[in-house]
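Laboratory data are not the source of any read-out in this text; all were calculated from the coordinates shown. Here the structure is a predicted model, which is why all the values come from computation and not from measurement. No Cβ is skipped: glycine too gets one built from the backbone with ideal geometry, and neighbour counts run over all protein chains shown.
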Amino acid sequence: MIPFLDLKKINNAYRESFHDAIDSVLESGWLILGEQTKSFECNFANYCGSKFCVGVANGLDALHLALKAWGLGPGDEVIVPSNTYIATWLAVSFTGATVVPVEPELDSFNIDPKSIKDSITPNTKAIIAVHLYGHAANMAEIMDIAYEHGIKVLEDAAQAHGAMFNSTRVGNLADAAAFSFYPGKNLGALGDGGCITTNDQDLAEKLASLRNYGSQRKYHNEVIGVNSRLDELQSAFLNVKLPFLDSDNEHRQRIAAIYTKGLAGLKGVVLPFAAPYTNHVWHLYVIRHEQRDWLQNELVKKGVSTMIHYPVPPHLQPAYAHLGYKKSSFPISELIHNQVLSLPMGPTISFNEAEYVAESIRSILS
Ligand SMILES: *Cc1c(COP(=O)(O)O)cnc(C)c1O
């Protein structure tokens with residue numbers, strides 16, 4: 001069976017360095033907010049080209065705390081893509097603000113700047129631009145709209161570590177960016193982790209306080225904060241893996257090229273599109289097919305596991321029933337959710353395996 005993602009294989013490559021990292025954390029005797037986290041924050045900020053990085057417990061907290069630090073709450077509206085992983089929406093809901101979903105572009109799967117304009121009201125305080133599947137959102141147009149209306153932009157870069165818009169890395173394209181280091185992401189820890197990058201010193205300081213009970217100085221609490229910290233062990237593991245992020249992403253790009261070549265011209269299959277402005281890092285390689293579920297089952301028979309990102313859009317989840325959206329409220333998003341299929345992708349899938357996946361799809365469909 002060709003696995004969709006082989007986390008065991010991915011992390012086994014670092015086994016010895018991980019053991020050294022554990023030893024050095026144990027040796028230091030410092031487990032929370034110490035040198036490892038400080039150095040990872042510095043390394044990751046440098047990698048993104050941003051001035052500051054604040055480590056937190058996970059990607060959802062990264063999104064949530066950034067919105068919190070901007071003071072968002074009840075009565076405020078935040079524009080979000082209608083097709084995204086639900087965490088993007090949850091972060092807004094947790095502040096008490098209202099999600100205002102906007103349809104994506106069908107080809108890039110990312111929020112459509114043209115539709116953002118129609119959704120702006122006097123209550124709009126922020127836009128969350130998700131770089132879905134590793135493809136940067138159209139940040140030039142999004143930032144222009146935001147600037148014109150004086151609203152903040154938060155990147156949800158949880159699926160796009162290392163991706164670029166033109167020659168600027170994600171994480172350095174808006175007022176702030178949220179990353180996740182969930183194990184399956186392009187840069188994954190050995191557990192949960194996340195961070196916010198920004199060039200705004202004031203915001204970085206607020207976030208450093210918010211993640212730590214609203215305190216920068218022990219037992220002095222300026223604001224009502226939470227406990228959401230990237231711990232020393234996860235930071236140490238991430239310090240081990242960060243130097244390999246670019247080569248991992250290049251491997252993903254080679255696998256994507258094999259799929260794109262191997263599936264070219266195949267009737268009924270819509271291949272993923274990479275806009276000229278993005279350096280796509282292929283968190284996921286997502287094709288579309290009208291008989292998606294059937295195709296997925298046929299692939300299982302050939303020993304290929306695939307996944308669906310995502311089967312149910314946020315507006316049709318019970319969690320958001322109170323918003324009153326129905327089937328066909330967001331037709332582009334629903335079409336995407338009904339047709340997408342993610343092929344095996346990751347830094348350890350071999351070129352031969354990718355060829356086999358493409359050949360299998362060809363033989364099923366011809
Ligand atoms: C993974 C993910 C998140 C949430 O990250 P966690 O670390 O799992 O909390 C948020 N947004 C998107 C688009 C994601 O893919």
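If we count other beta carbons within 10 Å of each Cβ, what is the order of 64, 135, 322, 309, fewest first?
322, 309, 64, 135
Taking 7 Å along the Cα-to-C-beta vector as the label spot, tell me the residue 270-residue 107 distance in nanometres, rounded to one decimal.
For residue 270 paired with residue 107, the spin-label model returns 1.2 nm.
Calculate for the chain the 222 nm mean residue ellipticity that helices alone would give, adding -39,500 (n - 2.57) per DSSP H run of length 4 or more and normalising by residue count, nearest 500 deg cm²/dmol.
Calculated mean residue ellipticity at 222 nm is -12000 deg cm²/dmol.
Only Cα pairs within less than 10 Å get springs; with that Gaussian network setup on the chain, which residue of 265, 73, 34 has the largest fluctuation?
Taking springs between Cα atoms under 10 Å, the residue moving most is 265.
So for 70, 294, 282, fewest C-beta neighbours within 10 Å to most, what's the order?
Taking fewest neighbouring Cβ atoms as first place, the list is 294, 70, 282.
Using a Gaussian network model on the chain with a 10 Å cutoff between Cα atoms, which of 131, 280, 220 fluctuates the most?
Greatest mean-square fluctuation among the candidates belongs to 220.
Once you list every other residue whose beta carbon is under 14 Å from the beta carbon of residue 130, what net charge do they have if Lys and Arg are +1 and Asp and Glu are -1?
Numbers: positive: 185; negative: 103, 105, 112, 155, 156.
Residues close to residue 130 contribute a combined charge of -4.
Please find the FRET efficiency linking residue 355 to residue 43, where r is the Cβ-Cβ separation and R0 is fixed at 45 Å, and quote it to the nearest 0.05.
0.80
Report the FRET efficiency, 1/(1 + (r/R0)^6), for residue 300 and residue 94, where r is their Cβ-Cβ distance and R0 is 51 Å, rounded to 0.05. Don't skip to the end; give the middle numbers.
On the way: r = 37 Å, r/R0 = 0.72.
The value I calculate is 0.85.
Just add up the charged neighbours of residue 5: K/R +1, D/E -1, any other residue whose Cβ is under 13 Å from the Cβ of residue 5.
+1
Of all beta bridges DSSP finds with both residues in the chain, what is the antiparallel percent, to the nearest 5?
On the way: 24 of 41 bridges.
Of all bridge pairs located within the chain, approximately 60 percent are antiparallel.
If the chain between residue 366 and residue 31 were fully stretched, how many nm would it gain, using 0.36 nm times the residue separation less the Cα-Cα distance?
So the extension gain works out to 115.0 nm.
Size of the dipole of the chain about the Cα centre, Lys and Arg at +1 and Asp and Glu at -1 on the beta carbon, nothing else charged, in debye to 20?
540 debye
Could you compute the net charge surrounding residue 176? Neighbours are other residues with a C-beta less than 10 Å from the C-beta of residue 176; K and R count +1, D and E count -1. Don't skip to the end; give the middle numbers.
Values: positive: 152; negative: 155, 175, 200.
Here the count lands on -2.
Comparing 91, 319, 62, which has the greatest mean-square fluctuation in the GNM of the chain with Cα pairs linked when under 10 Å apart?
Largest GNM mean-square fluctuation: 319.
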